[in-house]
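K.L.:
Structure incoming, see below.
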Amino acid sequence: MAKSTKSKLGNPTWSNLKAALANLDEQQLVGLVADLYRFSKENQAFLHARFSVVDDPLAPFKETIDECMYPDIFKNKPIQISKAKKAINDYSKAVGDPLGEAELMTFFVECGNQLTLDLGDIGENFYDALNRMYRRAIEKVLSLPSEQQSEFKVRLKAIMTSSAKIGWGYHDQLQQDYYYVLAADE
């Protein structure tokens, strides 16, 4: 009995796929990319960002973050932190642009912070995720050239100051990160 392709290959790797792709001609490769494009909105956003074929490559990623971090609670939509974080990672993989990454990370925290300001207390896990992303945003901002940092510093300070009445240690951690990491850099 002949072995199946799957058992011959074991667990397929990028090397296996790369070898199969090498056998395709240009038209077949374009067809494959077209199929991947039609397969999901995430693939479309990735390809648009990678090839800079849209005016604002951040827009679909920001839309996802907004829907996940400030969902329409009146339509019973849940907060989806992992999906919002995935949007940032997808953009990073597509483009690798630190300025865009800083924008998406800051936007993530702005959306979550605004949700709390508008609707009230959320919970510890939510605030822990916001604190972690705030810290990542600070680190990313500080990796940018100094002329690109000022707008982000203003926005990060606004998040920190607006959170003064939010509990769970959220504001305290934002304040600590802002003053001991971001402001200390000035």
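K.L.:
Between helix 26-39 and the chain, what is the angle of the helix's C-alpha long axis to the longest principal axis, kept within 0 to 90° and rounded to the nearest 10?
P.N.:
On a 0 to 90 degree scale, this one is about 40.
K.L.:
OK, next. Out of F152, T106, F61, whose Cα points farthest toward the positive end of the dipole of the chain (charges: +1 Lys, Arg; -1 Asp, Glu; placed on Cβ)?
P.N.:
F61
K.L.:
If eta is 0.692 mPa s and T is 37 °C, what Stokes-Einstein diffusion coefficient results for the range 133-186, Kirkwood Rh from Cα pairs, in µm²/s? Could you put the intermediate results ahead of the total?
P.N.:
Working: Rh = 11.2 Å.
Reported coefficient: 293 µm²/s.
K.L.:
Next up: Using only Cα atoms, tell me the angle between helix 81-94 and the longest principal axis of the chain; keep it within 0 to 90° and round to the nearest 10.
P.N.:
Taking the Cα atoms of the chain, the angle to 81-94 is about 60 degrees.
K.L.:
Return the whole-Å distance between the Cα centroid of the range 130-155 and the Cα centroid of the range 17-83.
P.N.:
Rounded to whole Å, the Cα centres lie 25 Å apart.
K.L.:
Quick one: angle between helix 124-143 and the longest Cα principal axis of the chain, in degrees between 0 and 90, rounded to 10, please.
P.N.:
It works out to around 80 degrees.
K.L.:
Another question, then. In terms of solvent-accessible area of protein heavy atoms at a 1.4 angstrom probe, what is the ranking of L104, L142, highest value first? The partial results should precede the final answer.
P.N.:
Numbers: L104 0, L142 50 Å².
Greatest to least solvent exposure: L142, L104.
K.L.:
I need the Debye-formula profile for the range 53-186: one equal scatterer per C-alpha, no solvent, reported as log10 I(q)/I(0) at q = 0.09, 0.20 1/Å, two decimals.
P.N.:
Evaluating at q = 0.09, 0.20 Å⁻¹ gives log10 I(q)/I(0) of -0.25, -1.19.
K.L.:
Which values of log₁₀ I(q)/I(0), to two decimal places, follow from the Debye formula for the range 22-80 at q = 0.14, 0.28, 0.29, 0.30 Å⁻¹ with a uniform point scatterer at every Cα?
P.N.:
Result of the Debye calculation: -0.55, -1.06, -1.09, -1.11.
K.L.:
In vacuo Debye scattering of the range 86-142, one point per C-alpha: log10 I(q)/I(0) at q = 0.17, 0.18 Å⁻¹?
P.N.:
-0.55, -0.61
K.L.:
Local charge sum around I73 (other residues, Cβ-Cβ under 14 Å, Lys/Arg +1, Asp/Glu -1)? Each step should come with its number before you reach the end.
P.N.:
Details: positive: K75, K77; negative: D66, E67, D72, D118, D121.
Here the count lands on -3.
K.L.:
Can you give me the Rg/Rh ratio for the range 47-86, using Cα atoms for both radii and the Kirkwood formula for Rh?
P.N.:
Numbers: Rg = 12.2 Å, Rh = 11.0 Å.
Here Rg/Rh amounts to 1.10.
K.L.:
OK, next. Provide the convex hull volume over Cα atoms per residue for the range 1-122, in Å³.
P.N.:
Details: hull volume 21.6 nm³, N = 122.
Hull volume normalised by residue count: 177 Å³.
K.L.:
Mind scanning K93/K165; K86/K140; K77/K140 and naming the pairs with a C-alpha gap bigger than 26 Å?
P.N.:
Numbers: K93/K165 36 Å; K86/K140 17 Å; K77/K140 30 Å.
Violating the 26 Å limit, Cα to Cα: K93/K165; K77/K140.
The values are calculated or read from the model by the stated rules, or taken from the named source; none is laboratory data. All values derive from a computational prediction rather than experimental measurement. Cβ: placed from backbone, ideal geometry, glycine included. Neighbour counts: every protein chain shown. Note: accessible area is taken over every heavy atom of the protein model, side chains too, but ligands, DNA and RNA are not part of it. Shrake-Rupley method; radii C 1.70, N 1.55, O 1.52, S 1.80 Å.
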